[in-house]
Amino acid sequence: MSGGRKIRVLVCRGPTCGDLRDSARIHAELGRHVDRRGLGDDVILDWQSCFGQCQKGPNVLYREAKGREDKLHLAMAALVGSVKSAMHHAMTPERATALLDRHLVSWGIRAAATPPAPATVPVPAPGHPSSAPLVQSNENHDKKRGPSEG
Ligand code: FES
């Protein structure tokens, strides 16, 4: 679907973003998101040692991947804005995955966000205790109520 174009996502793991603000959670959630949505052909997920914007972290850089690029070039390109690139600050795992979806679509790498694969729920065999219908009862709850509750 991407026609060979990719988005590179660099999560800062410098001392402020990584050690103090636990950017590893962001990186891990992005990895799970890529796996769940089958984005492995469109996304390169990596680490960055520091973007020099530590007070705003945790920071994540999204950038259209173009051939071979070293990390210093990536960091500088983010600052001058010469390519499709966006640095986002104060990131959370939820924001990071939402922004990945947004950039994939707005930069034309994906036509639309791919919905997550449906969860597979095992169906119990007939007669298995878990196949019995659930019956909800308020009987015990009612006995615990005092007279003023109703
Ligand atoms: S530690 Fe993340 S920008 Fe410096």
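Tell me, which residue of the range 83-99 that is hydrophobic (A, V, I, L, M, F, W, C) and in a helix (DSSP H, G or I) is nearest to Lys6 (Cα to Cα)?
Taking the range 83-99 and keeping what is hydrophobic (A, V, I, L, M, F, W, C), we get 83, 86-87, 90-91, 96, 98-99.
Adding the requirement that they be in a helix (DSSP H, G or I) leaves 96, 98-99.
Working: Ala96: 16, Ala98: 17, Leu99: 15 Å.
Out of the qualifying residues, it is Leu99.
Tell me the residue from Leu61, Leu74 that is modelled with pLDDT of 95 or more and either within 24 Å of Arg37 (Cβ to Cβ) or more than 13 Å from the chain's Cα centre (by Cα) (or both), please. Spell out the reasoning first.
Working: Leu74 fails: modelled with pLDDT of 95 or more.
Exactly one residue qualifies, and that residue is Leu61.
Yes/no matrix, rows are residues, columns are (1) in contact (Cβ under 8 Å) with a residue 24 or more places away in the chain; (2) on the phi < 0 side of the Ramachandran plot; (3) assigned to a helix (DSSP H, G or I):
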{"residue": "Ala24", "(1), (2), (3)": "no, yes, yes"}
{"residue": "Glu29", "(1), (2), (3)": "yes, yes, yes"}
{"residue": "Arg32", "(1), (2), (3)": "no, yes, yes"}
{"residue": "Gly40", "(1), (2), (3)": "no, yes, no"}
{"residue": "Leu61", "(1), (2), (3)": "yes, yes, no"}
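Out of all the residues in the range 8-37, which are closer than 13 Å to Leu100 by Cβ and away from the ligand (no atom under 16 Å from the Cβ)?
Pass one, the range 8-37, residues closer than 13 Å to Leu100 by Cβ: 8-11, 26-27, 29-37.
Residues satisfying the conditions are Arg8, Glu29, Gly31, Arg32, His33, Val34, Asp35, Arg36, Arg37.
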- [ ] Scan the range 1-22 for residues that are free of Cβ contacts under 8 Å to residues at least 60 places away in the same chain and assigned to a strand (DSSP E or B) and jot them down.
- [x] Cys12
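The values are calculated or read from the model by the stated rules, or taken from the named source; none is laboratory data. Source: prediction; values computed, not measured. Virtual Cβ from ideal backbone geometry, glycine too; neighbours counted across all protein chains shown.
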